[in-house]
Amino acid sequence: MNLAELNRVAEAMVAPGRGILAADESSGTIKKRFDAIGAESSADSRRDYRELLFRSTEAMSKYISGVILYDETIRQNARDGAPLVKVIEKTGALPGIKVDKGLKPLPFCPNEVITEGLDGLRERLVEYRGLGAKFAKWRAVIDIGAGIPTHTCINTNAHALARYAALCQDEGIVPIVEPEVLMDGDHDIDRCYIATEWTLKRVFEQLYDQRVALEGMVLKPNMVVAGKKYARRATVDEVADKTLKVLKACVPAAVPGIAFLSGGQSDEDATAHLDAMNKTGGLPWRLTFSYGRALQAAPQKAWAGRSENVAAAQRAFVHRAMMNSLAALGQWKSELEKKAA
Ligand code: 13P
């Protein structure tokens with residue numbers, strides 16, 4: 001393992017004022033997003049949409065450090081025949097790849113899931129490295145509900161995350177370690193805190209047991225928020241305080257950076273929460289974004305599957321990327337949102 005090189009890439013992924021674009025929706029998920037905007041989902045339309053993001057030069061070269069791709073996309077060429085990976089590299093951003101194979105029911109644990117994809121992973125990492133991937137992503141999902149999460153679910157998912165992370169580092173690829181505690185339930189913010197703390201403790205224990213070098217990874221956690229179906233939404237300060245508290249309790253300072261998922265928060269909440277945490281300052285790791293929905297909802301809506309809307313979609317993407325870049329520096333202001341509206 002070349003730890004100096006892994007660390008260099010991890011640091012670049014969380015460079016000041018930059019974050020990661022999660023554009024790794026599976027074909028099923030992107031179809032759902034396209035259905036919502038009335039766009040057809042074909043290999044070409046998915047390529048066209050993603051190409052418009054990667055060719056938003058202002059967003060990509062100033063605010064985005066890396067892009068997480070899906071297997072289909074890392075193999076696709078732009079309209080002019082250039083590989084999409086090269087289009088991304090030209091902007092200065094790093095290409096990355098989602099390597100998990102999605103969620104399956106966890107035996108004997110009703111309503112819980114395990115992430116699959118370890119079989120053959122080393123060989124796939126070698127291939128992806130050849131295609132230009134500098135980092136990878138694996139998402140574990142922990143749900144909160146009646147009697148869940150269970151020890152079984154948290155422990156098996158933490159084990160798989162660490163297996164993945166160790167394989168990545170052994171193949172010279174920086175792992176994004178993503179344990180996501182979902183915000184789908186009707187739980188309050190304190191239950192999210194407890195589940196997140198429990199999950200992160202187990203994840204870092206497994207990373208240690210499996211000899212993963214913390215300096216060569218990026219953590220992608222959820223923020224500590226109330227469930228979407230819970231009556232009272234927490235304030236921005238409450239989310240920021242509780243999220244920082246759990247991270248300080250669980251994440252060693254050797255980790256170069258933490259890049260949050262947005263998880264179904266509104267665009268502006270995802271930005272405001274990140275900003276509030278960074279305004280606190282004095283943290284041992286860099287805090288930035290690795291958003292899917294909170295970066296793409298606005299450009300998708302503006303695009304609506306029509307080529308005449310490409311410029312408007314790119315403007316919407318630049319705006320969200322810029323807002324989140326400011327949040328990663330603790331320099332965002334809500335007035336900046338209104339000006340653009
Ligand atoms: P969201 O920001 O939409 O949660 O997506 C991030 C991601 O990569 C989930 O795995």
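Using the 2.2 N^0.38 Å rule of thumb for compact globular proteins, work out how the chain stacks up: its C-alpha Rg over that value, please.
0.93
Once the Cα gyration tensor of segment 89-167 is found, what semi-axes does its equivalent ellipsoid get, as square roots of 5 times the eigenvalues, in whole Å, sorted largest first? Working shown, then result.
Working: eigenvalues 172, 35, 17 Å².
Working through the eigenvalues yields semi-axes of 29, 13, 9 Å.
Between Rg and the Kirkwood Rh of segment 155-247, both from Cα atoms, what is the Rg to Rh ratio?
1.04
Assuming 0.36 nm per residue, please report the length gained on full extension of the stretch Asn155 to Arg306 beyond their Cα-Cα distance.
Details: separation 151, 0.36 × 151 = 54.36 nm, distance 4.51 nm.
Stretched out fully, the Asn155 to Arg306 stretch lengthens by 49.9 nm.
Taking segment 1-106, which chymotrypsin sites (Phe, Trp or Tyr not before Pro) meet the DSSP loop condition and have no more than 12 other C-beta atoms within 10 Å?
none
Using 1/(1 + (r/R0)^6) with R0 = 45 angstrom and r between the beta carbons of Asn111 and Ser42, what's the FRET efficiency to the nearest 0.05?
Working: r = 34 Å, r/R0 = 0.75.
In this case the efficiency is close to 0.85.
From the gyration tensor of the Cα coordinates in segment 142-298, what semi-axes in whole Å does the equivalent ellipsoid have, largest first, with each one equal to sqrt(5λ)? Spell out each step's value before the answer.
Working: eigenvalues 116, 70, 39 Å².
Rounded to whole Å, the semi-axes are 24, 19, 14.
Count the DSSP beta bridges whose two residues both fall in the chain, then state the antiparallel fraction as a percent rounded to the nearest 5.
15 percent
Skipping prolines and chain starts, which residues have an amide H placed within reach, meaning under 5 Å, of the one on Glu112, given they are 5 or more residues away or on another chain?
Long-range HN contacts for Glu112: Leu106.
Extending each Cα 7 Å along its Cβ direction at Thr57 and Leu103, get the distance between those two points in nm, one decimal.
4.0 nm
About the Cα centre of the chain, what is the dipole size in debye to 20, counting +1 per Lys and Arg Cβ and -1 per Asp and Glu Cβ, all else neutral?
Using Cβ point charges on Lys, Arg, Asp and Glu, the chain gives about 560 debye.
Sorting Leu274, Leu125 on the 10 Å Cβ count, fewest up front, what's the list?
Going from least to most buried by this count: Leu125, Leu274.
Could you give P(r) for segment 1-150, binned at 5 Å from zero, as whole percent values over all Cα-Cα pairs?
2, 9, 16, 18, 18, 16, 11, 7, 3, 1, 0
Quick one: work out Rg over Rh on the C-alpha atoms of segment 215-274, Rh as Kirkwood radius.
That ratio equals 0.99.
Using a Förster distance of 25 angstrom, determine the FRET efficiency expected from the C-beta separation of Asp188 and Thr280, and round it to 0.05.
0.65
Only the coordinates and a few stated rules stand behind these numbers; no lab work does. As the structure is a computational prediction, the values presented were derived from the model and not from experiment. Heads up, the Cβs are rebuilt from the backbone with ideal geometry, glycines too, and the neighbour counts pull from every protein chain shown.
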